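Asker: Take this structure first; my questions come after.
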């Protein structure tokens, strides 16, 4: 019913949205006499704002056609390495011969498409062979294609690491920090020759008990049955995934928007002012960001509910009781962090992160008790929130260079040196940041 109401509202708004778009075009056309009305720019801006806030945004493209390496423009093409009903492994193939570290970026399956990490990929491309997981919108996957829960997610990560090959480095952005950590722990325990050389965990809920956010408090205050009955719904009959139980992307988006509602309202008001003032550059920046941010996908209900229960309610990973069920054999494997002795660990946190707050990710170091000291690295980025950990100026100038340095310290191959100077990755000193002090700055 929830899904039907959402789609019905969008359908009902279609005539008004089309009228607004037509009015905007008429008022911006230099051949139209209406374009020269004194209030034309204000009316056109109002129409565009209305049209954008009432439409659905489709899956964006990465659109990365080239990258600069050593000052030269190099062509980049997207290559599908492995394609499955729920996920595609994509390789950003560079038209240049280099021996750079192989990096698998595991994108979050938390409502947004993998293209939200476009800036992450662009910054890594000059000095790494980059692969990424592109999760598929669950409402587009027929029921006959099975399911994806947390155990399946972990299996996907393992399979993709093996496909890419030995000496792979894996990077988890936000939500996949937990399944990536699980995959690495199991592969280390099995002495798998494909166990990654390193894992970088960025703003992920390894131990949500360490610091509270709106996300953790909601999970703790409600029983699992409430989530199953209130936010998990059936896909309507007019989608390919008809009947599948999903956590709709529009619900996840509304939750994210409400967490920073003042900021989003302010951003749209500035966008309106830029349109009136004719500031095309700033207006286009707004469009690009929200074209991406407002494009959402559904999660399978089983993945969402299992994550809520095991990660945010029972905290099985930090208390040492997490188990992974192999989807192929149904065999249970303990997720023992003390078995991680081969894969180096780097954690990245943002001072102002209100989704995976300070301390939640760095807690991974305390779990890896048997990992040699020279394989522990951490970076705390001041002045950035959750999105700023993997996108934007601070990501490009301060975070990514440290990750690149960390990967090269660990990588065993004879890699191509980085020409530009980079900032050294910092070894973890064993201390948890002063969370209360840091949060008070925000």
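Bear in mind that the values in this text are calculations on the coordinates, not laboratory data. Since the structure is predicted, the reported quantities are computational estimates derived from the model, not experimental observations. Methodologically, a virtual Cβ is constructed for each residue, glycine included, from the backbone with ideal geometry; neighbour enumeration extends over all protein chains shown.
Asker: Kindly express, to the nearest 10 degrees and within the range 0 to 90, the angle between helix 40-53's C-alpha long axis and the longest C-alpha principal axis of the chain.
Answerer: The helix 40-53 is inclined about 40 degrees to the chain.
Asker: Taking R0 as 45 Å, what's the FRET efficiency between residue 99 and residue 54 from their Cβ-Cβ distance, rounded to 0.05?
Answerer: Result of the calculation: an efficiency of 0.35.
Asker: Using only the alpha-carbon atoms of the range 1-83 as identical scatterers, what base-10 log of I(q)/I(0) does the Debye formula give at q = 0.11, 0.14, 0.24, 0.25 Å⁻¹?
Answerer: -0.60, -0.74, -1.09, -1.15
Asker: Springs between alpha-carbon pairs under 10 angstrom, Gaussian network model over the chain: which of 74, 106, 215 fluctuates most?
Answerer: Residue with maximal mean-square fluctuation among 74, 106, 215: 74.
Asker: Looking only at the range 60-175, where both bridge partners belong to it, what percent of the DSSP beta bridges are antiparallel (to the nearest 5)? Could you put the intermediate results ahead of the total?
Answerer: On the way: 16 of 25 bridges.
Given both bridge residues lie in the range 60-175, the antiparallel proportion sits at roughly 65 percent.
Asker: Something else now. Compute the relative contact order of the chain as a whole-number percentage, counting only Cα pairs closer than 8 Å that sit 6 or more residues apart in sequence.
Answerer: RCO, the chain: 18 percent.
Asker: Over what distance in Å are the Cα centres of the range 271-321 and the range 40-81 separated?
Answerer: 17 Å
Asker: Helix 177-189 sits at what angle to the longest principal axis of the chain, using alpha carbons and giving 0 to 90 degrees rounded to 10?
Answerer: 20 degrees
Asker: Based on the Cβ-Cβ distance from residue 18 to residue 319, what FRET efficiency comes out when R0 is 56 Å, to the nearest 0.05? If you can, show how the numbers build up before the last one.
Answerer: Numbers: r = 54 Å, r/R0 = 0.97.
For R0 = 56 Å, the calculated efficiency reads 0.55.
Asker: Any chance you could check the Cα centroid distance between the range 378-398 and the range 182-232 for me, in angstrom?
Answerer: Comparing the Cα centres of the range 378-398 and the range 182-232, I get a distance of 21 Å.
Asker: Order 30-43, 363-376 from most to least packed using the mean count of other Cβ atoms within 10 Å.
Answerer: Going from most to least packed, we get 363-376, 30-43.
Asker: When 267, 110, 46 are ordered from fewest to most other Cβ atoms inside 10 Å of their Cβ, what list results?
Answerer: Ascending number of Cβ neighbours within 10 Å: 267, 46, 110.
Asker: Taking 8 Å as the Cα distance limit and 6 or more residues as the minimum spacing, I'd like the relative contact order of the range 1-56 as a percentage.
Answerer: 39 percent
Asker: Also, I was wondering about something else. When the chain is treated as a GNM, springs tying every alpha-carbon pair under 10 Å, which of 214, 26, 172 comes out with the largest mean-square fluctuation?
Answerer: 26
Asker: Using the beta-carbon distance between residue 258 and residue 68 and R0 = 25 Å, what value does 1/(1 + (r/R0)^6) give for FRET efficiency, to the nearest 0.05? The partial results should precede the final answer.
Answerer: Working: r = 39 Å, r/R0 = 1.56.
The pair residue 258/residue 68 has a calculated efficiency of 0.05.
Asker: Report, in deg cm²/dmol and to the nearest 500, the calculated mean residue ellipticity at 222 nm for the chain, where each DSSP H run with n ≥ 4 adds -39500 (n - 2.57) and the sum is divided by the residue count.
Answerer: Helix-only estimate at 222 nm: -11500 deg cm²/dmol.
Asker: Tell me, in nm to one decimal, what length is gained between residue 224 and residue 37 on full extension, where the rule is 0.36 nm per residue of separation less the Cα-Cα distance?
Answerer: Net length gain for the segment: 61.6 nm.
Asker: What angle, in degrees between 0 and 90 and rounded to the nearest 10, separates the Cα long axis of helix 2-28 from the longest principal axis of the Cα atoms of the chain?
Answerer: With rounding to tens, the tilt is 50 degrees.
Asker: In which sequence would 328, 270 go, from the one with the fewest C-beta neighbours within 10 Å to the one with the most?
Answerer: With the fewest neighbours first, 328, 270 line up as 328, 270.
Asker: Considering only DSSP beta bridges whose two residues both sit in the chain, what percent are antiparallel, to the nearest 5?
Answerer: In the chain, approximately 50 percent of DSSP beta bridges are antiparallel ones.
Asker: I want to verify a result. In a Gaussian network model of the chain, Cα cutoff 10 Å, which of these has the top mean-square fluctuation: 348, 141, 335?
Answerer: Most flexible of the set in this elastic network: 141.
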